[in-house]
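The values are calculated or read from the model by the stated rules, or taken from the named source; none is laboratory data. It should be emphasised that the depicted structure is a prediction, and the values quoted were computed from it without experimental measurement. Cβ placement follows ideal geometry from the backbone for every residue including glycine, while neighbour counts extend to all protein chains displayed. Please note that ligands, DNA and RNA were not included when accessible areas were found on the heavy atoms of the full protein model with its side chains. Shrake-Rupley method; radii C 1.70, N 1.55, O 1.52, S 1.80 Å.
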Amino acid sequence: APLAVFTGQMDYRPNIEAVTLFARDILPRLQARLPNAGFAIVGRAPTDEVRALGRLPGVTVTGEVPDTRPWLAAADVVVAPLQVARGVQNKLLEAMAMARPVVASPGAATGIDAVAGRDLMIADGAEQTAQTIAELAEDGPRATAMGLAARRRMVERYGWDATMAPLGAMLGLPKL
């Protein structure tokens, strides 16, 4: 069954609102098209409100895990339906670095240096988000290609070589 995953600190209000929106509004739409679709909320300190979402069909709330990578690796898509997003969303960078296809809200994608439609998908609203996830889940080669493009972009833009490249000039070191 297709699995959508959200990672984050689960006592942070914007994350709580995002997973609640996904579990209550987006997942049922997705399950109408893909009945066995699931949603995993992975992160420490889930509030009672978040834990209650685990009673909904197809929703898993893990609480704190020692390593999010196995959950990201198992994801058919990583989602970030954040309505309020401040700064660069590391959860997206991590998922993209692991070559996972990402579906993010416009706010969550802000600050990510990536090409929408190639490196990640941007979807606004429950209907568009569910449709975008379903299309990726139904088109394995496209989802794989997007994940690989995302990984390439992360290495090119955020990898150590790219990040450290300007350091020599900033320190006044000669080019080798």
Checklist line | Enumeration of residues in region 103-113 that are open to solvent by less than 40 Å² (accessible area, probe 1.4 Å) and of a type in the set (Val, Ile, Thr) | finding: 103, 112
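For region 114-174, give me every one of the helices (runs of 4 or more DSSP H) that falls completely inside it and has 2 or more residues that are closer than 29 Å to residue 23 by Cβ, open to solvent by 50 Å² or more (accessible area, probe 1.4 Å) and of a type in the set (D, E, K, R). Reasoning before the result, please.
Numbers: elements: 126-138, 140-158, 160-164, 167-170.
It comes to 126-138, 140-158.
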Item checked: Qualifying residue in region 38-48 (condition: within 18 Å of residue 125 (Cβ to Cβ), surrounded by 15 or more Cβ atoms within 10 Å (Cβ to Cβ) and at pLDDT 95 or above) -> yes
Next item on the list: Please specify each residue of region 84-142 satisfying the condition of being within 14 Å of residue 157 (Cα to Cα) and acidic (Asp, Glu).
Entry: 94, 113, 119
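Is it true that residue 74 is within 14 Å of the chain's Cα centre (by Cα), crowded, with 22+ Cβ neighbours inside 10 Å and either closer than 16 Å to residue 7 by Cα or not polar (S, T, N, Q) (or both)? Give the steps one after another, and end with the answer.
Values: within 14 Å of the chain's Cα centre (by Cα): yes; crowded, with 22+ Cβ neighbours inside 10 Å: no; either closer than 16 Å to residue 7 by Cα or not polar (S, T, N, Q) (or both): yes.
The answer is no for residue 74.
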Item checked: Positions within region 1-34 being part of a helix (DSSP H, G or I), surrounded by 21 or more Cβ atoms within 10 Å (Cβ to Cβ) and of a type outside the set (Val, Ile, Thr), in sequence order -> 15, 18, 22, 23, 27, 30
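Looking for something among the small types (Gly, Ala, Ser) and touching a residue at least 12 places away in the same chain (Cβ under 8 Å) - is there at least one such residue anywhere in region 110-118?
So in region 110-118, the residues among the small types (Gly, Ala, Ser) come out as 111, 114, 116-117.
Now restrict to residues that are touching a residue at least 12 places away in the same chain (Cβ under 8 Å): 111, 114.
Yes - at least one qualifying residue is present in region 110-118.
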Item checked: Flag if residue 100 is in a loop (DSSP other than H, G, I, E, B) and open to solvent by 10 Å² or more (accessible area, probe 1.4 Å) -> yes
Checklist line | Number of the exception - residue 67 against (1) modelled with pLDDT of 95 or more; (2) more than 14 Å from the chain's Cα centre (by Cα); (3) farther than 12 Å from residue 7 by Cα | finding: (3)
